[in-house]
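What follows is a single structure, written as C-alpha cells, with notes after it.
The values are calculated or read from the model by the stated rules, or taken from the named source; none is laboratory data. The structure presented is a predicted model; accordingly, all values stated were derived computationally and were not measured. FYI the Cβ positions are ideal-geometry reconstructions off the backbone, even for glycines, and counts take in every protein chain you see.
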Amino acid sequence: MPSREALGVLILGGTAEATALAIRLHTERRVERLVLSLAGRTLRPDLPEGVEARIGGFGGAAGLAAYLAAEGITHLVDATHPFAAGISRNAAEAALAAGVPRLALHRPGWDARPGDRWVHVACLKSACDALPPGARPFLALGRQHIAPFRHRPDLRPVLRMVDPPDALPFAADLVLGKPGDAASEIALFAGKGITHVVCRNAGGAASYAKIEAAGALRLPVVLIDRPPAPPPPMVASVEEAVAWLRRTP
C-alpha cells in the first residue's frame, strides 16, 4: 500500500464485490480507516463485521466531494451496481473536485451460452413491450424498477423481493427472499409456471442462477443491456482493486 500518514478508503457499495473488498482490506489491516457506503434500499443489509458502514446518500457530487474532504478520505472505490450510472458519474466528479484518486470496480456482464434464448433490450419500457400477451414473467428487477409493468394488465408477473413491500403498483405473485442456486431457481420457475425471465445484465456470480435456470428450462430471457461503463481507471476484480490501492499514492 502507498505510505501515507492516514490512509482512508471509502467504498461505494451495494455489490458482492464491494463487500468482499471491504472484508479483504479489513482482515489484512491494509488501511487506517475503511468506510463502506450503502444506499439503504435494503432494510437489513449484510454488513461485514468490524467494517465502518455509512447508510444513505451524499447529496450528489458536491455532497460526496464535501464528505471526502471532511472525513479525510484518500482513496475512493466505486463498487456500485453496474446500472448505478448516476452514482458512478457523481463519484468521478466528486473525486476530481476533492483531488482524491478514484477507481471503478466494475464486474463484467454475462455472456450468452449456446442454447440461451436472450432478447436484448435497452430499457425497462422496451423490456415490458417485449413480453407477449398473457405472459407469466419473473421480474428480477427490484422494487424501484417495476413501475412500467403496471401498464400491462394482461401479464401475470411474479416478483421476488428481499423485504416485503408496503404495496405493489400492480397485481403480482410475491416471493420473499434472496436468490438461491440454479436448482432452487429451476424449481421456483417451474412451480410458478414462469414463461419469461426479465432482468438486467448485472453480471457476477451472485445472481447468475436465474440465468442458468432459464437456460435449463429453455425460457426466453428479456435482458436489459448495460449503460456505458464508468470512466477509467476501471478494474473487474477485487484482486485488481487491492493492487490499485497498493500502487496508487
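Working carefully through the options Arg30, Arg117, find the one that is surrounded by fewer than 19 Cβ atoms within 10 Å (Cβ to Cβ) and modelled with pLDDT under 95.
Details: Arg117 fails: modelled with pLDDT under 95.
The unique qualifying residue is Arg30.
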Candidate set from segment 83-103 (those that are more than 12 Å from Pro232 (Cα to Cα) and not aliphatic (A, V, I, L, M)); member that is surrounded by the most Cβ atoms within 10 Å (Cβ to Cβ): Asn90
Subset of segment 107-119 (residues that are closer than 27 Å to Leu10 by Cα and either touching a helix residue (DSSP H, G or I) at 6+ places or on another chain (Cβ under 8 Å) or in a strand (DSSP E or B) (or both)): Arg107
Can you name the condition, by its number, that Leu36 falls short on among (1) touching a Pro at 6+ places or on another chain (Cβ under 8 Å); (2) among the aliphatic types (A, V, I, L, M); (3) closer than 30 Å to Gly215 by Cα? (3)
Would you confirm whether any residue within segment 7-26 is out of contact with any strand residue (DSSP E or B) (no Cβ under 7 Å at 6 or more places or on another chain), under 22 Å from Ser237 (Cα atoms) and among the charged types (D, E, K, R)? yes
Is it true that Leu155 is of a type in the set (A, V, I, L, M) and closer than 26 Å to Ala205 by Cα? no
Answer from Val242, Val238, Val197 - the residue that is touching a residue at least 40 places away in the same chain (Cβ under 8 Å) and touching a Phe, Trp or Tyr at 6+ places or on another chain (Cβ under 8 Å): Val197
Can Leu68 be described as modelled with pLDDT under 90, out of contact with any Lys or Arg (no Cβ under 7 Å at 6 or more places or on another chain) and aliphatic (A, V, I, L, M)? no
Could you tell me whether any residue of segment 198-213 is polar (S, T, N, Q) and not assigned by TED's automatic domain parsing to the domain that holds Thr80? yes
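Every residue, every condition in (1) closer than 30 Å to Arg218 by Cβ; (2) assigned to a loop (DSSP other than H, G, I, E, B); (3) touching a residue at least 60 places away in the same chain (Cβ under 8 Å), yes or no:
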residue: Leu96; (1), (2), (3): no, no, no
residue: Ala104; (1), (2), (3): no, no, yes
residue: Ala127; (1), (2), (3): yes, no, yes
residue: Gly134; (1), (2), (3): yes, yes, no
residue: Phe138; (1), (2), (3): yes, no, yes
residue: Arg156; (1), (2), (3): yes, yes, no
Need the failing condition index for Gly215 against (1) surrounded by 15 or more Cβ atoms within 10 Å (Cβ to Cβ); (2) touching a residue at least 24 places away in the same chain (Cβ under 8 Å); (3) part of a loop (DSSP other than H, G, I, E, B), just the number. (3)
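Within segment 100-138, which residues are within 16 Å of Val77 (Cβ to Cβ) and of a type in the set (Gly, Ala, Ser)?
Hit for segment 100-138 is Ala104, nothing else.
Anything in segment 93-119 that is under 19 Å from the mean Cα position of the chain (by Cα) and not aromatic (Phe, Trp, Tyr)? List them, or say none.
Arg102, Leu103, Ala104, Leu105, His106, Arg107, Pro108, Gly109, Asp111
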